[in-house]
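Data block below; observations after.
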């Protein structure tokens, strides 16, 4: 017998249930809580400790103490562990300080690159970009001496590279704390010097009486509202608790939200009724990523490092950012043949770079929920060869940037980031105007369904050439804004009706 929650005649526990507290979840919680709605924010993980362990190199990098150990299968059936984090604030606690907007052209289709268009325009998000930037304290930092010298040589190399400052969600005081300055990229701040979903949004409403945070609480399944499976009205947690709401927001991330929806559609036999269902979990995008380490004789002493982005007109879907890593962390990127005792000294004379290219959308690049056929494990099936234009540009990107570094007096080596590198994963519940080709509409609601919305990176039709965090925040704020207007209006109508009929 299927579990279900009461229909519209019953009073739900909350107005809104939000699954996940990362960028999309916390931004929506902030907006909806401030609207006076009763909000439940459900997070699979716990609060991170404030004892300094999240800045400890051995704990974070070597031991992987804060990473999820959830096993997956790749497209060939081999087991692996994606680099996911389950904690309050989601992956933004670890990454997400580089807060760049998508360009206007990245909201329209690019068929040659296999990129679908958005159901909204850049102007539809502009005000929400501004709001997110303000809440996250986005600012530019001066380019430090070592990177400044590299930039000058790159721009003089005649290879087409131009540099622009990266908008960063970092406190102006971070340079006074060298430990945090050297460890903001890939580590979680203890002093609150990095803006993330928790500090930028959730902390502003966490004490509100109408917000309830359910931490260490995994969602087992979505539940229908009453007898109509096309309307979602609640969730069952893995510990058996049932929470009900007038709306449910999926914000668990592009690997996890589609699995909840896939299970729901299968359990309730909705595939034949929902054209959008065939796209759930498909069109996975991850960026084509390469880490490059460049060496030169002098010791590098910059603190922040990740203050500049490099663009090249010959590579319109690509960008290069410095890694915000000091010599200790760069030393871990050295090839295996380099003795470990030598890796750290070499790392101190190196600068790291992160090369990324927008990948196109392909339906075979997908996330599949666990089944008997997948040994009870979820599956991430991704092959960069399915988007050949993107792969060709990324290879050109690596060659061009390596050549420019040689002209700048630096030798380099590189390593492709494999499928475990899921920091930028997106697209598995892609937004679009047509339910025949997408899953979510322009308002964030799943096509053909009621009460179910998506506010995480799953919705992104394009991965763009820059990091997705700011766009996820902006999308979430827009969806929550539209949803709040409707829910508040209906809440007033319900209260007025009850008062009118109560003796």
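Each value in this text was obtained by applying a stated rule to the coordinates, not by laboratory testing. This structure is a prediction, so every number in the text was calculated from the model and none was measured. Cβ placement follows ideal geometry from the backbone for every residue including glycine, while neighbour counts extend to all protein chains displayed.
The label point for residue 372 and the one for residue 67, both projected 7 Å from the Cα toward the Cβ, are 3.3 nm apart. What is the helix-to-structure angle for 122-135, meaning the angle in degrees between its Cα long axis and the longest Cα principal axis of the chain, kept from 0 to 90 and rounded to the nearest 10? Relative to the chain, helix 122-135 is tipped by roughly 80 degrees. Counting neighbouring beta carbons within 10 Å and listing from fewest to most, the residues 204, 287, 256 come out as 204, 256, 287.
How do the peptides 328-334, 249-255 rank, highest first, by the average count of neighbouring beta carbon atoms within 10 Å per residue?
Answer by packing, highest mean first, reads 249-255, 328-334.
Shape analysis of the stretch 1-150 places it in the rounded category; the axes a ≥ b ≥ c from the Cα gyration tensor give an a/c below 1.5. Counting only alpha carbon atoms, the long axis of helix 469-501 and the longest principal axis of the chain meet at about 20°. Please give the residues of the stretch 170-185, grouped as numeric ranges, whose backbone N is less than 11 Å from a label point set 7 Å along the Cα-to-Cβ vector of residue 139. Residues 170-176 qualify, since their backbone N sits under 11 Å from the label point.
Per residue, the average separation of C-alpha pairs within less than 8 Å and at least 6 apart gives the stretch 191-244 a relative contact order of 22 percent.
In whole angstrom, how far apart do the alpha carbon centroids of the stretch 297-319 and the stretch 144-184 sit? Value for the Cα centre distance between the two parts: 7 Å. Placing a label point 7 Å from the Cα of residue 271 along the Cα-to-Cβ direction, no residue of the stretch 419-449 has its backbone N under 16 Å from that point. Taking label points 7 Å from Cα along the Cα-to-Cβ direction, residue 278 and residue 79 give a separation of 3.5 nm.
Full extension of the chain between residue 216 and residue 149 gives 19.5 nm of extra length, using 0.36 nm per residue less the Cα-Cα distance. Each of 194, 134 was scored by other Cβ atoms within 10 Å of its Cβ. Arranged with the fewest first, they read 134, 194. With r as the distance between the Cβ atoms of residue 179 and residue 413 and R0 = 35 Å, compute the FRET efficiency 1/(1 + (r/R0)^6) and round to 0.05. The pair residue 413/residue 179 has a calculated efficiency of 0.80. Cβ crowding within 10 Å ranks 405, 170 as 405, 170, fewest other Cβ atoms first.
In this simple spin-label model, placing a label point 7 Å from the Cα along the Cα-to-Cβ direction at both residue 443 and residue 242 gives a separation of 2.7 nm. Taking every DSSP bridge with both residues inside the chain, close to 70 percent are antiparallel. Sorting the segments 306-313, 450-457, 293-300, 57-64 by their residues' average number of neighbouring beta-carbon atoms within 10 angstrom, most packed first, yields 450-457, 306-313, 293-300, 57-64. Helical content alone sets the calculated 222 nm signal of the chain at -7500 deg cm²/dmol, taking -39,500 (n - 2.57) per DSSP H segment of four or more residues and averaging over every residue. Peptide packing: for 178-191, 425-438, 216-229, the average count of neighbouring Cβ atoms within 10 Å per residue gives the ranking 425-438, 178-191, 216-229, highest mean first. Full extension of the segment from residue 162 to residue 436, taken as 0.36 nm per residue of separation minus the current Cα-Cα distance, would add 94.6 nm. Fully extending the segment from residue 399 to residue 56, taken as 0.36 nm per residue of separation minus the present Cα-Cα distance, adds 120.0 nm. Seen against the Cα atoms of the chain and their longest principal axis, helix 23-34 is set at about 50 degrees.
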